[in-house]
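Written out below as structure tokens is the structure these notes cover.
The values are calculated or read from the model by the stated rules, or taken from the named source; none is laboratory data. Source: prediction; values computed, not measured. Ideal geometry is used to build each Cβ from the backbone, glycine not excepted, and the neighbour counts take in all protein chains shown.
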Amino acid sequence: MDTSQLHKENVQKTFKCAILTISTSRYEKYGKTDRPERAEDASGKLIWGMVQAQGSKIVNYELIPDDMEMVREAFKKCLYTEADVIISSGGTGLSPTDVTIEALSPYIEKEMPGFGELFRLKSIEQIGNAMMLSRAIAGVARGKVIFCLPGSPNAVKLALELVMPEIGHIIKHVKGQ
């Protein structure tokens, strides 16, 4: 067997995922909802679809505004679900209202800087040097894998195309298997 494939042996093929969409404008228009299509949330819908296409299960979806305390509360709630992976979209830019990274950072026990580095490297092909505005990050908290993605559907698609082939391997390491 090719050594590049050895790390993927005996890994979990499916996982349970919680999705958080951080968008003040959608929240003000749609309020709390349990499905991305009920909020015209293209990125949330894309995450949901790509996770399910891999045979995995969505255990939670929440739409929240760019509010530090609400983002923290939603994230903490996800930490106590059965989710193996938490994927957020939105609130990772540089505007004063973008607070996702600041809200989640205190809970991240281990960072995965390689994700952000690879995401930004691959983003150059789509958005050029504007990729430096992205603060997308990944890490681990309470045995769960966390991905904080930009809100744009193109960014979400790119990030998940990078992550999905490795997710079982990542979960294996996080769970100490």
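Scanning region 3-30 for residues that are assigned to a loop (DSSP other than H, G, I, E, B), at pLDDT below 95 and more than 16 Å from Ile58 (Cα to Cα) gives His7, Lys8, Glu9, Asn10, Val11. Of the conditions (1) of a type in the set (Ser, Thr, Tyr); (2) farther than 17 Å from Gly151 by Cβ; (3) surrounded by 14 or more Cβ atoms within 10 Å (Cβ to Cβ); (4) modelled with pLDDT under 95, Ser56 clears all except one; give me its number. Going through (1) of a type in the set (Ser, Thr, Tyr); (2) farther than 17 Å from Gly151 by Cβ; (3) surrounded by 14 or more Cβ atoms within 10 Å (Cβ to Cβ); (4) modelled with pLDDT under 95 one by one, Ser56 breaks only (4).
So that you can scan it fast, the table gives a plain yes or no per residue for (1) more than 25 Å from Lys57 (Cβ to Cβ); (2) surrounded by fewer than 18 Cβ atoms within 10 Å (Cβ to Cβ); (3) among the hydrophobic types (A, V, I, L, M, F, W, C):
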{"position": "Glu73", "(1), (2), (3)": "no, yes, no"}
{"position": "Lys76", "(1), (2), (3)": "no, yes, no"}
{"position": "Leu94", "(1), (2), (3)": "yes, yes, yes"}
{"position": "Ser123", "(1), (2), (3)": "yes, no, no"}
{"position": "Cys148", "(1), (2), (3)": "no, no, yes"}
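Taking helices (runs of 4 or more DSSP H) as the structural unit, those lying wholly within region 61-148 and holding at least 2 residues that are under 23 Å from Gly168 (Cβ atoms), modelled with pLDDT of 95 or more and within 16 Å of the chain's Cα centre (by Cα) correspond to 68-79, 113-127. Taken as a whole, the condition of being under 19 Å from Met164 (Cα atoms) and either surrounded by 20 or more Cβ atoms within 10 Å (Cβ to Cβ) or among the small types (Gly, Ala, Ser) (or both) applies to Ala42. Identify, please: which residue in region 96-121 is surrounded by fewer than 17 Cβ atoms within 10 Å (Cβ to Cβ) and charged (D, E, K, R) and is, among those, nearest to Ile22 (Cα to Cα)? That would be Glu102.
Scanning region 31-51 for residues that are in a loop (DSSP other than H, G, I, E, B), touching a helix residue (DSSP H, G or I) at 6+ places or on another chain (Cβ under 8 Å) and either acidic (Asp, Glu) or closer than 14 Å to Leu158 by Cα (or both) yields Glu40, Asp41.
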